[in-house]
Structures are given as C-alpha cells and as structure tokens.
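The values are calculated or read from the model by the stated rules, or taken from the named source; none is laboratory data. This is a predicted model, so every value here is computed, not measured. Backbone-built Cβ (ideal geometry, glycine too); neighbour counts: all protein chains shown. Protein only, heavy atoms only, side chains kept; ligands, DNA and RNA dropped before computing areas. Shrake-Rupley method; radii C 1.70, N 1.55, O 1.52, S 1.80 Å.
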Amino acid sequence: MTACQPIGAEDREVAEIDTLQRALRGLRHWAATAQARRHLAGEQGRRLHATALRLHDEAWSDCLAAAYGLFEIDAIHQAWVEAGGGRE
C-alpha cells in the first residue's frame, strides 16, 4: 500500500491501530525525554525540559485522538443510547 492509495473499509481498523501505536510510541519517547531533561541545569536545560513537556502533552492529545478514532466513541455511545442505556 502506498501513502496515496485509499484505504478500504476492511483496512480502516488496521490503519487506525497503526496510528494509535505510533502515537503511543511518541508519548513514550517524550515522557522519557522529559524525565531525562528534568535535571538539566541552566536556562537552556529549563527550556529543553519545558519543550519536552509540551511535546509530551501534544503526544498525549495525539493518543487520545487516535484512540477516539479507533474505538469510535460516538458510535458506541449512540448504540448504547439506542439500546436504552442509562434508563432505570
């Protein structure tokens, strides 16, 4: 499959899993980088640590977006509501 080739419905889930895995790898990388830069001294060290923290937060957002896409939160919630979920 090339980068420009459309993804069929049967391959959609595979692509979304791949996206989530890449996002999780990014999160792990920036968490480790922030931890490593935490003790750096000086102005440059503080900036490097702050940048790593910001990129960690962005990676966390990417993970949430990828998980949202993979698990189709809206569709699951709608099916729950249609099935009478939440009624006592």
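Taking the stated definitions as given, is Ala66 at pLDDT below 95, in a helix (DSSP H, G or I) and open to solvent by less than 60 Å² (accessible area, probe 1.4 Å)?
When the stated conditions are applied, Ala66 passes them.
Would you check if Gly42 is modelled with pLDDT of 85 or more and on the phi > 0 side of the Ramachandran plot?
Judged against the criteria, Gly42 is a match.
Of Ala79, Ala75, Ala83, Ala36, which residue is at pLDDT below 95 and either in contact with a helix residue (DSSP H, G or I) (Cβ under 9 Å, 6 or more places away or on another chain) or surrounded by 15 or more Cβ atoms within 10 Å (Cβ to Cβ) (or both)?
Sole residue among the options that is at pLDDT below 95 and either in contact with a helix residue (DSSP H, G or I) (Cβ under 9 Å, 6 or more places away or on another chain) or surrounded by 15 or more Cβ atoms within 10 Å (Cβ to Cβ) (or both): Ala36.
Just one of the numbered conditions (1) on the phi < 0 side of the Ramachandran plot; (2) not in a helix (DSSP H, G or I) is not true of Gly84; which one?
The one condition Gly84 does not meet is (1).
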